[in-house]
Amino acid sequence: MEKVRVNIKKKEGCEDLPIPQYMSAGASGADLYAAVNGELVLEPSGISAVPTGMFIELPSGYEAQVRPRSGLALRHGLSIVNAPGTIDSDYRGEICVILCNLGKNPVKINRGMRIAQLIFQPVVRAEFTEVKELKMTLRNEGGFGHTGV
């Protein structure tokens, strides 16, 4: 398994929180923890940027993706508005998770709660070439639902 070194810094006052952790041998995402003070209640249809108290330094050529946790999605309807959230290699601010409550009940976010997962991916940049025409395909301009149900 390929590994990439990621430097991490904790925000002052967040020494009690663990750094992101992989929860199983085959996990592709490292869990992020809420750095809220006390408790945050996310009402149905509510959106909040939840701090993690963590700053990372990614090597050039990599990105980190912030993705929802499936258990929170299933049990509480919690998701991430901009899923997956993207952290670029030149970003040095605090990682925040833009959580939304798609469920029918308020959800309590407590300090140290696992709220999202962080996935690391290599980045490929496109080199764009403007052309007058694109090559035709069988699908061509067929869009949403074009192949049936």
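The values are calculated or read from the model by the stated rules, or taken from the named source; none is laboratory data. These figures come from a predicted structure and were not determined experimentally. All Cβ positions, even for glycine, are placed from backbone atoms using ideal geometry, and neighbour counts span all protein chains on display.
All of MET1, MET23 fail the test of being more than 30 Å from ALA126 (Cβ to Cβ) and either modelled with pLDDT under 95 or part of a loop (DSSP other than H, G, I, E, B) (or both), apart from MET23.
In segment 26-36, the qualifying residues are those that are assigned to a strand (DSSP E or B) and either touching a helix residue (DSSP H, G or I) at 6+ places or on another chain (Cβ under 9 Å) or not aliphatic (A, V, I, L, M) (or both), and the one that is surrounded by the fewest Cβ atoms within 10 Å (Cβ to Cβ) is ASP31.
Taking the criterion of being farther than 22 Å from SER28 by Cα and under 13 Å from the mean Cα position of the chain (by Cα), the only residue of segment 69-123 that qualifies is CYS100. Restricted to segment 8-20, and to residues there that are touching a residue at least 12 places away in the same chain (Cβ under 8 Å) and not in a strand (DSSP E or B), the residue that is surrounded by the most Cβ atoms within 10 Å (Cβ to Cβ) is PRO20. Here is the figure for segment 106-139: residues that are surrounded by 10 or more Cβ atoms within 10 Å (Cβ to Cβ) and either of a type in the set (S, T, N, Q) or part of a loop (DSSP other than H, G, I, E, B) (or both) total 8. Of the residues that sit in segment 57-83 and are free of Cβ contacts under 8 Å to residues at least 40 places away in the same chain and buried (at least 18 other Cβ atoms within 10 Å of the Cβ), which one is nearest to VAL6 (Cα to Cα)? Selected residue: ILE80. Residues in segment 37-85 that are assigned to a strand (DSSP E or B), in contact with a Lys or Arg (Cβ under 9 Å, 6 or more places away or on another chain) and modelled with pLDDT of 95 or more: LEU40, VAL41, LEU42, PRO51, MET54, PHE55, ILE56, GLU57, LEU78, ILE80, GLY85. Among the residues making up segment 68-117, a single one is among the aliphatic types (A, V, I, L, M) and touching a Gly at 6+ places or on another chain (Cβ under 6 Å): LEU102. In this structure, GLY145 does not qualify as small (Gly, Ala, Ser), loosely packed, with under 10 Cβ neighbours inside 10 Å, in contact with a Phe, Trp or Tyr (Cβ under 8 Å, 6 or more places away or on another chain) and farther than 27 Å from GLY26 by Cα.
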